[in-house]
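What follows is a short report on a single structure.
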Amino acid sequence: MGTLNHSIDYAQELATLVKQLPEDRAAQLYDFARFLLIESRRIPDDGDRDDAADISADELATEDATWEAALTHHADTFAELKAQALADIAAGKTVPMFNERGDFSIE
């Protein structure tokens, strides 16, 4: 995985992909995009995310409910993934997440 070398209309490409996702996955992508936006602005999170991202309390409550429903719906899958991750760590099958410079490792 690396940087793309050609121009992409990211908004259009993301819209195309989101239309193909189930609602709970689209909600995850939306939340991650919001996270990236907040991080790119380097706005400190003082606990009042409404101000940081210009998102209303109702929108946050709806999103929280969507996340909670997805987490509940997929609880067994998450438990299996956690157990497998812990087994992989114990077996020495994992690699560092960051390289020696502190950059995220994609290799």
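So the check is Cβ under 7 Å with 6+ separation or different chains; which pairs have a first residue in segment 92-107 that's in contact (Cβ under 8 Å) with a residue 60 or more places away in the chain and a second one that's open to solvent by 100 Å² or more (accessible area, probe 1.4 Å)?
I106/M1
Conditions: (1) open to solvent by 80 Å² or more (accessible area, probe 1.4 Å); (2) outside any loop (DSSP other than H, G, I, E, B); (3) at pLDDT 80 or above. W67 meets all but one. Number of the miss?
Failing condition for W67: (1).
Condition first: open to solvent by 70 Å² or more (accessible area, probe 1.4 Å) and either under 20 Å from L71 (Cα atoms) or of a type in the set (V, I, T) (or both). Now tell me which residues in segment 26-40 satisfy that.
Scanning segment 26-40 gives Y30, F32, F35.
Here is a list of conditions, (1) modelled with pLDDT of 90 or more; (2) open to solvent by 80 Å² or more (accessible area, probe 1.4 Å); (3) among the aliphatic types (A, V, I, L, M), and M97 meets all of them except one; can you say which number that is?
Unmet condition: (1).
Residues of segment 5-25 being among the hydrophobic types (A, V, I, L, M, F, W, C), modelled with pLDDT of 85 or more and surrounded by fewer than 10 Cβ atoms within 10 Å (Cβ to Cβ), which ones?
The answer is A11, and nothing else.
The values are calculated or read from the model by the stated rules, or taken from the named source; none is laboratory data. Here the structure is a predicted model, which is why all the values come from computation and not from measurement. Backbone-built Cβ (ideal geometry, glycine too); neighbour counts: all protein chains shown. These area figures cover heavy atoms from the full protein model, side chains too; ligands, DNA and RNA do not enter into them. Shrake-Rupley method; radii C 1.70, N 1.55, O 1.52, S 1.80 Å.
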